[in-house]
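Remarks on the structure that follows.
Only the coordinates and a few stated rules stand behind these numbers; no lab work does. Note that the structure is predicted; figures quoted are calculated from it, not measured. Neighbour counts run over all protein chains shown; Cβ positions are idealised from the backbone, glycine included.
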Amino acid sequence: MKLRIGTRGSRLALAQANEVAAQLHADGIESELLPITTSGDRGAGPSSDPAGVKGLFVTEIVRALLDGVVDIAVHSAKDLPAADEEGIVIAAVPERVSALDVLVTRDGELRSGARVGTSSVRRRAQVLRNRPDVTVKDLRGNVDTRVRKLADGEAEALILAAAGLLRLGFVPEHAAPMSLTEMVPAPGQGCLAVQARANDATTIDALAFLDHPPSRDALEAERGLMARLGGGCALPLGAFAEPTDAGIRMVAIALTPDGGRFARAEIEAATPTEAAEIAALDLSAGGADDILGLVRP
């Protein structure tokens with residue numbers, strides 16, 4: 001058995017796909033990577049994809065999977081829309097690495113008036129909520145590009161996903177993990193999602209050993225919340241779930257882009273579905289529907 005793996009062609013995406021390929025190889029399954037250039041890689045805007053910003057990075061790969069060009073697809077789970085495409089399933093969620101965001105500065109300090117580079121509305125909103133004395137600069141590109149822009153003086157700080165840094169083996173000189181009080185991560189951050197065709201039982205069975213149930217439960221809770229709040233576009237919504245002895249615990253936040261209004265929930269529930277339902281109700285009671293309504297297309 002040899003599986004063709006669909007992936008984006010960025011250095012981080014290839015590192016993620018190679019991580020899955022190495023685990024497959026260890027289990028006696030050979031594979032090959034087929035890099036696919038997505039609309040997001042070509043710099044297209046959200047209006048060019050019906051699935052919104054998240055769809056820019058997955059649509060072409062999912063199409064290749066449905067068309068039989070590839071056998072499986074590996075994604076950063078935070079790039080997936082809230083609902084799976086018809087005919088596609090997440091066959092495996094490997095063990096999650098850190099879901100936290102990391103503050104990377106040029107000199108180890110985040111001073112008043114500093115420019116913080118990010119293109120994420122979720123990160124922008126939480127930075128402005130916690131540090132109204134700084135400014136946020138729209139800074140795009142892959143990890144290497146953004147770090148270079150930091151060194152070139154385009155900003156005094158960046159916010160990057162710890163998972164991306166870990167998978168690239170990159171440790172910036174001045175980097176500090178951000179607590180959940182400072183920055184609630186994106187739903188699915190730190191998780192990989194390995195997709196397969198829903199009718200391909202042979203491949204789904206072959207991938208079963210990759211699945212890490214606690215990581216899958218966390219992802220299901222976070223995506224479930226995103227779906228209940230109208231996910232699918234890049235909302236200023238953060239969610240982090242983790243299994244406990246009693247079930248699952250989740251913290252979530254929804255904010256206006258300027259950080260001026262927010263709703264936050266910290267809940268515990270027996271199952272991922274219940275966690276998503278309770279967190280959605282708590283956020284809605286705190287005004288999340290009105291807050292997110294301001295940014296939905």
Before rounding to the nearest 500, sum -39500 (n - 2.57) across all DSSP H runs of length at least 4 in the chain and divide by the residue total; then give [θ] at 222 nm in deg cm²/dmol.
-> -9500 deg cm²/dmol
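Please compute the alpha carbon radius of gyration of region 119-202, then divide it by the globular-protein estimate 2.2 N^0.38 Å. Two decimals is fine.
The reported ratio for this selection is 1.34.
Given the Cα-Cα distance of residue 144 and residue 180 and 0.36 nm per residue of separation, how much length would full extension add, in nm?
Result for the pair: 10.4 nm of gain on full extension.
Can you tell me the length gained on complete extension of the stretch residue 19 to residue 242, counting 0.36 nm per residue apart and subtracting the Cα distance?
That pair, residue 19 and residue 242, stretches by 78.0 nm at full extension.
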Whole Å is fine, so just give me how far the alpha carbon centre of region 83-99 lies from that of region 153-221.
-> 11 Å
Take every Cα-Cα distance within region 132-282, group them into 5 Å bins from 0 onward, and report for each bin the whole-number percent of pairs it holds.
-> 2, 8, 15, 16, 18, 16, 13, 8, 4, 1, 0, 0
Pull up the cross-link candidates among the aspartates and glutamates for residue 137, meaning alpha carbon to alpha carbon under 16 Å and not fewer than 8 places away within one chain.
-> 152, 154, 156, 258
√(5λ) per eigenvalue of the Cα gyration tensor, the chain, largest first, Å | 30, 23, 18
If the label point sits 7 Å along Cα→Cβ of residue 151, residues of region 168-198 with amide N under 16 Å come out as 169-175
